[in-house]
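The values are calculated or read from the model by the stated rules, or taken from the named source; none is laboratory data. Keep in mind that what you see is a predicted model, and the values were worked out from it rather than measured. All Cβ positions, even for glycine, are placed from backbone atoms using ideal geometry, and neighbour counts span all protein chains on display.
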Amino acid sequence: MTWLELPHDAAYGLATLPYGVFSADDAPSQVGVRVGDQVLDLSEVAQALDHEHADVFAQPSLNALMELGAQRCREVRAWVRELFDDDTYRDLVGAHLRPVAGVRLHLPVEVADYVDFYASESHASNVGKIFRPDSPGLPPNWKHLPIGYHGRAGTVVVSGSDIVRPNGQRRPDADGVPPFGPSTTLDIECEVGFVVSGPTATGTSVRVSDARDHLFGVVLLNDWSARDIQAWEYVPLGPFLGKSFATSISAWVVPFEALAYAEVPLPGQDPPVLPYLQGQTDRDVFGLDLHLEVRLNGSLVSAPEFRDMYWSPAQMLTHLTVNGATLRTGDLFASGTVSGSSPETFGSLLERTWNGTAPLALADGTTRGFLEDGDVVTLTGWAPGRDGAQVTLGKVTGTVLPARRL
Ligand code: MN
């Protein structure tokens, strides 16, 4: 039982307890945990209680906490939960709770490397049909390995950051000169990001059965995408400037442990994957029952279901290291756009409007093929927790600003 007075159905209830980095007034950024509409200053509480890992909370990122490793992170989460359950902590904790509306939230992780996968069969198939109408939707490798590309860690930004429309080249018309200017087909990708703890040694790889030890937590992630720039540049080396201008993540990182009750079997992999992508037990290869929502200027435009994804996060992490590439604490990998089989679950406007040919009607009476300046995109989500509780995934939002003139 908790001493905390929180409505049963409150967002960010005790089943979630996500970590973030905040600052208030002129104080330095440090680690907090969110509960309801409040954030608890873990650094102050840990110091007052002489917690053995108090130093990891007095940091401007979650990296030091993640460095403790999976077992100690589980203990820290149990301690945080105890703070809200044990009445003897009530006065101390109460004194260090602040309204989240009164603090600044910062990028929670110092992102090391960033990889984006392509794990939804519907998304990959839809994009294939739109970008390569004369070829099979899925490339021949797609069901044998989780396809991914290395993104730009330095342009991962926290929820609330404005997104400046990128400039770039587009596919030329008959005269052969590529037009240059602001992207005319700016898009979103509704994704789930996995924050990874390491390190691992060069030449080693993470087995599927050990992946959980490196999966620290989950963020919602918007992989902003300039489709016109992407379509012209991506052959043969893959996404580049059409993606690298910004990737937004939620300020709150939900510990992977909080999703234990959301683990579900994958929809099914056929043909069977190679042995290194198989687990040792049924639990090793898992999907996640995450319910996602995409809002554009407040209108619900899509409701993707993460359980539809073809590849398991554990398989993505294993594949990412199977060549001996190291992991570093703070690595981030994303699932790729989450799209189901029906248009209402497509996680990008490219698919949702079929490349702009079927515009969406918004609540304000306007329509959209792609994003316009001033548009606000918000991703939210939740997962089932223990005993009917809901785990709230960190919201990620961003506003499109006009392109800068060169
Ligand atoms: Mn993506």
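Being touching a residue at least 12 places away in the same chain (Cβ under 8 Å) and out of contact with any strand residue (DSSP E or B) (no Cβ under 8 Å at 6 or more places or on another chain) is true for just one of Thr281, Thr329, Thr353. Which residue is that? Before the answer, list the steps.
On the way: Thr329 fails: out of contact with any strand residue (DSSP E or B) (no Cβ under 8 Å at 6 or more places or on another chain); Thr353 fails: out of contact with any strand residue (DSSP E or B) (no Cβ under 8 Å at 6 or more places or on another chain).
Result of the check over Thr281, Thr329, Thr353: Thr281.
Scanning segment 333-344 for residues that are touching a strand residue (DSSP E or B) at 6+ places or on another chain (Cβ under 9 Å) and away from the ligand (no atom under 12 Å from the Cβ) yields Gly340, Pro343, Glu344. Considering every residue within segment 268-277, establish whether at least one is surrounded by 22 or more Cβ atoms within 10 Å (Cβ to Cβ) and either outside the structural domain of Leu332 (by TED's automatic domain parsing) or β-branched (Val, Ile, Thr) (or both). Checked against the condition, which is being surrounded by 22 or more Cβ atoms within 10 Å (Cβ to Cβ) and either outside the structural domain of Leu332 (by TED's automatic domain parsing) or β-branched (Val, Ile, Thr) (or both), segment 268-277 yields no hits at all. The residues on offer are Leu300, Leu221, and the sole one that is without any contact (Cβ under 8 Å) to a residue 40 or more places away in the chain, within 27 Å of Pro384 (Cβ to Cβ), out of contact with any His (no Cβ under 6 Å at 6 or more places or on another chain) and not in a loop (DSSP other than H, G, I, E, B) is Leu300. Val235 falls short of the stated requirement of being buried (at least 21 other Cβ atoms within 10 Å of the Cβ) and either over 20 Å from Ser120 (Cβ atoms) or of a type in the set (A, V, I, L, M) (or both).
The rows are residues; the columns are (1) more than 16 Å from the ligand (Cβ to nearest atom); (2) among the polar types (S, T, N, Q); (3) at pLDDT 95 or above.
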| site | (1), (2), (3) |
| --- | --- |
| Phe216 | yes, no, yes |
| Arg227 | no, no, yes |
| Trp232 | yes, no, yes |
| Gly242 | no, no, yes |
| Thr247 | no, yes, yes |
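Applying a threshold of 7 Å to beta carbon distances and a minimum spacing of six or more residues, or different chains, the list of pairs starting in segment 176-195 at a residue that is touching a residue at least 12 places away in the same chain (Cβ under 8 Å) and among the hydroxyl-bearing types (Ser, Thr, Tyr) and ending at one that is more than 10 Å from the ligand (Cβ to nearest atom) and in a strand (DSSP E or B) reads Ser183/Gly168; Ser183/Ala226; Thr185/Ala226. I'd like to verify a number: residues in segment 345-361 that are under 22 Å from Ala262 (Cα atoms) and either surrounded by fewer than 19 Cβ atoms within 10 Å (Cβ to Cβ) or within 15 Å of the ligand (Cβ to nearest atom) (or both), how many? Residues that pass the stated criteria total 2. When segment 309-330 is filtered for residues that are within 16 Å of the ligand (Cβ to nearest atom) and either outside the structural domain of Pro255 (by TED's automatic domain parsing) or under 16 Å from the mean Cα position of the chain (by Cα) (or both), the ones remaining, listed by number, are Met309, Trp311, Pro313, Met316.
Among Pro60, Pro99, Pro108, which is the only one that is within 21 Å of Thr16 (Cα to Cα) and surrounded by 15 or more Cβ atoms within 10 Å (Cβ to Cβ)? Step by step, each of Pro60, Pro99, Pro108 is checked, and only Pro108 is within 21 Å of Thr16 (Cα to Cα) and surrounded by 15 or more Cβ atoms within 10 Å (Cβ to Cβ).
Only a single criterion out of (1) of a type in the set (A, V, I, L, M, F, W, C); (2) buried (at least 17 other Cβ atoms within 10 Å of the Cβ); (3) more than 25 Å from Met316 (Cα to Cα) is not satisfied by Leu92, namely (2). Each residue in segment 224-256 was checked for being polar (S, T, N, Q) and either in a strand (DSSP E or B) or over 23 Å from Thr399 (Cβ atoms) (or both), and 3 of them qualify. For Val156, the criteria (1) within 18 Å of Val33 (Cβ to Cβ); (2) crowded, with 19+ Cβ neighbours inside 10 Å; (3) in contact with a strand residue (DSSP E or B) (Cβ under 6 Å, 6 or more places away or on another chain) hold in every case but one, which is (1). Looking at segment 368-406, which of the residues that are exposed (fewer than 11 other Cβ atoms within 10 Å of the Cβ) and either at pLDDT 95 or above or closer than 21 Å to Val100 by Cα (or both) is farthest from the chain's Cα centre (by Cα)? Filtering first and then ranking leaves Arg404. Looking only at residues that are β-branched (Val, Ile, Thr) and within 16 Å of the chain's Cα centre (by Cα) in segment 110-150, which one is nearest to the ligand (Cβ to nearest atom)? Applying the filter and picking the extreme gives Val115.
Evaluated against (1) part of a helix (DSSP H, G or I); (2) in contact with a Phe, Trp or Tyr (Cβ under 9 Å, 6 or more places away or on another chain); (3) not basic (Lys, Arg), Tyr276 falls short on exactly one condition, (2).
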